[in-house]
Amino acid sequence: MTISKTTHRPPIIAPSMLKCDFGDLRGELARLDAAGSNWAHWDVMDGHFVPNLSYGALLIQSVRPLTKAFFDAHLMISDPAKYLDDYIKAGCDAITFHIEAVPAPTELLKRIRAAGRQAGLAINPGTPADKIEPFLADCDLVLVMSVEPGFGGQKFMPQVLDKARTIRAKMPKEALLSIDGGIAAPTIGSAAAAGCQVFVAGSAIFDEQDYGAAMTHLIQSANAG
Ligand code: DX5
Ligand code: ZN
């Protein structure tokens, strides 16, 4: 079995598709490809775990053939175990769910890996690091939320950086630490300095005219951090 894995080297920018033009997904994915992006971050919301609804596995599956980008699914849903197979079938390369939704996540992380995909755990701003520490060995990806999940365009919460640092120190070396929410040129450097390697960015890319220039600016700011 082929294991989905990214060979991309940090800093990795993962455009958050929550902020793209849903009326022109094909065009947006083509513009990201042209901008040199090789990840797409899919924010899945169920209107229950978070107070917003976005899109689900069928949409991801329908755009999967349009790009070679690494598909990074972020499931903000209450029952990820129930829907996991749909996201595997949709062609997601990494599947991340929340520790607040699944406090004993070992089995689900193992199911994701058994399907040849990368397994990720996400943690909300108010949840302490010790809730996920026992499960870090089973993670390929850990995602620290730097806003309350549910909406793009919120303000970065610097108070999560200490937690990011703590988690990075305890994660397996080859696993990636991701940060999500309010990432932009003024904030990305501090996140990189705290050990983050994947930077989810919605507004900082999709609110700009030139996605390539926006991504270059983010990478330079991460490297300067
Ligand atoms: C929030 C999502 C984020 C968000 C990022 O629940 O997980 O991925 O869309 O958007 P910005 O970069 O605008 O904070
Ligand atoms: Zn996200």
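Numbers at a glance
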read-out	value
Filter pass, ASP33 being within 14 Å of ligand 2 (Cβ to nearest atom) and surrounded by 15 or more Cβ atoms within 10 Å (Cβ to Cβ)	no
Residue within the stretch 169-177 that is within 13 Å of ligand 1 (Cβ to nearest atom) and closer than 17 Å to ALA14 by Cα present	no
Condition broken by ALA14, with the remaining ones in (1) in contact (Cβ under 8 Å) with a residue 40 or more places away in the chain; (2) more than 12 Å from ligand 1 (Cβ to nearest atom) satisfied	(2)
Filtered residue count, the stretch 202-223, keeping only those that are closer than 18 Å to ARG9 by Cβ and within 16 Å of ligand 2 (Cβ to nearest atom)	1
Selection count, the stretch 189-201, where residues are within 15 Å of ligand 2 (Cβ to nearest atom) and either touching a helix residue (DSSP H, G or I) at 6+ places or on another chain (Cβ under 9 Å) or within 16 Å of LYS155 (Cβ to Cβ) (or both)	5
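Residues are listed down the side, and each one gets a yes or a no for (1) open to solvent by 40 Å² or more (accessible area, probe 1.4 Å); (2) in a loop (DSSP other than H, G, I, E, B); (3) within 16 Å of ligand 2 (Cβ to nearest atom):
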position: TRP42; (1), (2), (3): no, no, yes
position: VAL50; (1), (2), (3): no, yes, yes
position: LEU59; (1), (2), (3): yes, no, yes
position: SER62; (1), (2), (3): yes, no, no
position: ILE88; (1), (2), (3): no, no, no
position: ALA104; (1), (2), (3): yes, yes, no
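The values are calculated or read from the model by the stated rules, or taken from the named source; none is laboratory data. Just so we're clear, the structure is a prediction, and the values are computed from it rather than from any experiment. Backbone-built Cβ (ideal geometry, glycine too); neighbour counts: all protein chains shown. Heavy atoms of the whole protein, side chains included, go into the accessibility calculation; ligands, DNA and RNA do not. Shrake-Rupley method; radii C 1.70, N 1.55, O 1.52, S 1.80 Å.
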